[in-house]
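Right, one structure below, let's go through it.
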Number of protein chains: 2
Amino acid sequence: MSDEPAPDIVISLEIDDPALADRLATLLGGVAGLRLAAPGEQTAAAIVARSRDPAGNGEFELTPRELDVLALLAEGASNKMIAQRLGISVHTAKFHVGSLLDKLDATGRTDAVAHAARRGVINL
Amino acid sequence: MSDEPAPDIVISLEIDDPALADRLATLLGGVAGLRLAAPGEQTAAAIVARSRDPAGNGEFELTPRELDVLALLAEGASNKMIAQRLGISVHTAKFHVGSLLDKLDATGRTDAVAHAARRGVINL
DNA sequence: GGCGAAACTGGCCGGATGGGCAGGGAGTGG
DNA sequence: CCACTCCCTGCCCATCCGGCCAGTTTCGCC
């Protein structure tokens, strides 16, 4: 591994918002092992805007707690794990999961994370 | 506003290639003013793969039948539904699901679809 | 022909899941 | 004060899930 040339990872910045793009360019410019791409250059990855669409997920009206549970659900956590991570009882975890299934119109926890991911409520 | 604490820019890492994702996570983890997103967290931007390796998902070597099961899994189908849709017995459906959990290194069906989606094996 | 991989089927069992019922406490706003 | 929502907890129960054991057939490859 010592012979690893460790070439810089080339990343292109594809952000519309000038302010955000500028901040990111400044931050990433000082990172060793990383380099911003010249125009037209082949890149390994790109940074794209993940702007919150105002009408995107606002319609779901998930409660803060439900968002917590949903995030853990997306990690494959069981009700028991959710309860431990959130410091609540398994009963309450099941309660929130049930509400999630209802609001997301899902048939099960797997369907719930699929729906949520599809609609951008969570990022896998 | 001048006393703005300059909140960290939250970025989600959405890279299929585990090696590249790991390198980026390491590099970006040490950048002040920047923070990688927790699962499900709202993010300002995302880092996505640019030039995808054509053999990107070839490493998983899922059998054709397993891909069938995986697709149904992503739709929240139960073992019984999978069996009906594929014209096989519930036992066989469970058999394929078990193989999927093993190959995808998942703890459950929900985790399996999350992993598969993250790595681009399936599109939600 | 032998051999491995893939696909398929069966039974069994502990634990997880989902849905139903009931309630209480905290906070907000009329 | 009362109504409302959110969050939390308890119990019961039918079903589902995941993992274990066992077996079969078909196919391609050496």
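In the range A:67-124, counting only helices (runs of 4 or more DSSP H) that sit wholly within it, the ones holding 3 or more residues that are surrounded by fewer than 21 Cβ atoms within 10 Å (Cβ to Cβ) and of a type outside the set (Gly, Ala, Ser) span A:79-86, A:90-103.
Taking the listed residues B:113, B:69, the one that is more than 13 Å from the chain's Cα centre (by Cα) and either within 10 Å of DNA strand C (Cβ to nearest atom) or at negative phi (or both) is B:69, with no other qualifying. Is it the case that residue B:102 is without any contact (Cβ under 8 Å) to a residue 60 or more places away in the chain, within 13 Å of DNA strand C (Cβ to nearest atom), among the acidic types (Asp, Glu) and in contact with a Gly (Cβ under 9 Å, 6 or more places away or on another chain)? For residue B:102, the condition - without any contact (Cβ under 8 Å) to a residue 60 or more places away in the chain, within 13 Å of DNA strand C (Cβ to nearest atom), among the acidic types (Asp, Glu) and in contact with a Gly (Cβ under 9 Å, 6 or more places away or on another chain) - is not met.
Residue check: residue A:39 meets all listed conditions (1) within 12 Å of chain B (Cβ to nearest Cβ); (2) at pLDDT below 75; (3) part of a loop (DSSP other than H, G, I, E, B) but one, namely (1).
The values are calculated or read from the model by the stated rules, or taken from the named source; none is laboratory data. On a predicted model such as this, the values are computed, not experimentally measured, just so you know. Positions of Cβ are generated from backbone atoms using ideal geometry, with glycine treated the same way; all protein chains shown enter the neighbour counts.
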